[in-house]
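The values are calculated or read from the model by the stated rules, or taken from the named source; none is laboratory data. Bear in mind the structure is a predicted one, so any value in this text is a computation, not a measurement. Neighbour counts run over all protein chains shown; Cβ positions are idealised from the backbone, glycine included.
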């Protein structure tokens, strides 16, 4: 059975992080989202077709033609016209039965194997299978109404729902899906939705839903990245590479990954779970708090504190700085004394600008979203929930109260 991964979209709700890279390449716990998915299917699949589009070179250059023993083929979706359109592009490339998954999910091997097993063991030999997961907030997902294992309806983001089983974005299709896609029209988002195609097949009694166990994380908004980072770090077997250097008087507490050729300087206190990549310099005298993920070639200077954040590769955080509950892009440079606030003085949830609207993150603590190649001068203060777009420069002594765009 082939696997098709839909990875063509930009992820506009994740700007400015996706201004320079596709959403599936955003890092979580030291790896791109798409890498976690490829590792989840490596147990039993030999070939994956990845539908790419936006910033596709980043994906193709990273993974190449083969990854973890999986042969990779790429299909280019030049216009991002929706998931239904993306699936239609593989019609001549897949077997009669094939697995499809969204490329902005992080799922475990257990979830995939559950769906495959249940589909094979059911009476659904000639139908379509949808992986179902239980969710706390049905209004944020496509909710699947089932009778037994047979799907009766799919309702996108219902205001009121008696069900809590969501469409996981992982499917097993047969060739009937292509006939259904040909008959659908564009949605309100002006896209061809795969769920609209599935709905055309439901009246035939040929669509089944199966509750899947295992890890399922949907990454649609910036704070989802921090949630995913925390969940995955908590479950990882984190180890210190034998080529890492830990200087005397540095403290490593709990489970921590430190990559090869990284140096932890004297006086640093690192409290896991956290991830530190290769060729990093940490310290001296800094504090890396739990659920922090640091990429490769990162420099964390003297007396810096980093809490519950994702710091991407090739970034430098100068001495006497603080970064809390933030996502910092690649090749950024923090001037000395840059502080990222992560808590409103009124203790209300932090609001974040998404598609020109301020939305509640549902989090009491959230710092900043910083795109690639941003530089701050000394003693910059960044207020909670602010975004800074790639290539911007923040003047020394500034207080960042609004979104900053590059010139």
Exercise for the section: Please state which of the following conditions residue 214 fails to meet, knowing it meets all the rest: (1) without any contact (Cβ under 8 Å) to a residue 40 or more places away in the chain; (2) in a loop (DSSP other than H, G, I, E, B). Expected result: (1)
Fill in the blank from the handout: Note on the range 23-37: residues in contact with a helix residue (DSSP H, G or I) (Cβ under 7 Å, 6 or more places away or on another chain) and without any contact (Cβ under 8 Å) to a residue 60 or more places away in the chain are 25, 32
Problem - Unique residue being at pLDDT below 90 and either under 20 Å from residue 135 (Cβ atoms) or surrounded by 18 or more Cβ atoms within 10 Å (Cβ to Cβ) (or both) when the list is 212, 274 - result: 212
Practice task
Being touching a strand residue (DSSP E or B) at 6+ places or on another chain (Cβ under 7 Å), part of a loop (DSSP other than H, G, I, E, B) and surrounded by 20 or more Cβ atoms within 10 Å (Cβ to Cβ) is the filter here, so list the residues in the range 367-407 that pass it.
Solution key: 367, 368, 371, 374, 380, 384, 385, 386, 389, 392
Practice task
Report whether or not residue 143 is within 16 Å of residue 212 (Cα to Cα), buried (at least 21 other Cβ atoms within 10 Å of the Cβ) and free of Cβ contacts under 8 Å to residues at least 40 places away in the same chain.
Solution key: yes
Problem - Out of 235, 266, 255, sole residue that is closer than 30 Å to residue 118 by Cβ and surrounded by fewer than 21 Cβ atoms within 10 Å (Cβ to Cβ) - result: 235
Handout entry: Total residues in the range 349-366, condition in contact (Cβ under 8 Å) with a residue 12 or more places away in the chain, over 20 Å from residue 337 (Cα atoms) and assigned to a loop (DSSP other than H, G, I, E, B)
Key = 7
Problem - Qualifying residue in the range 61-70 (condition: on the phi > 0 side of the Ramachandran plot and within 22 Å of the chain's Cα centre (by Cα)) - result: yes
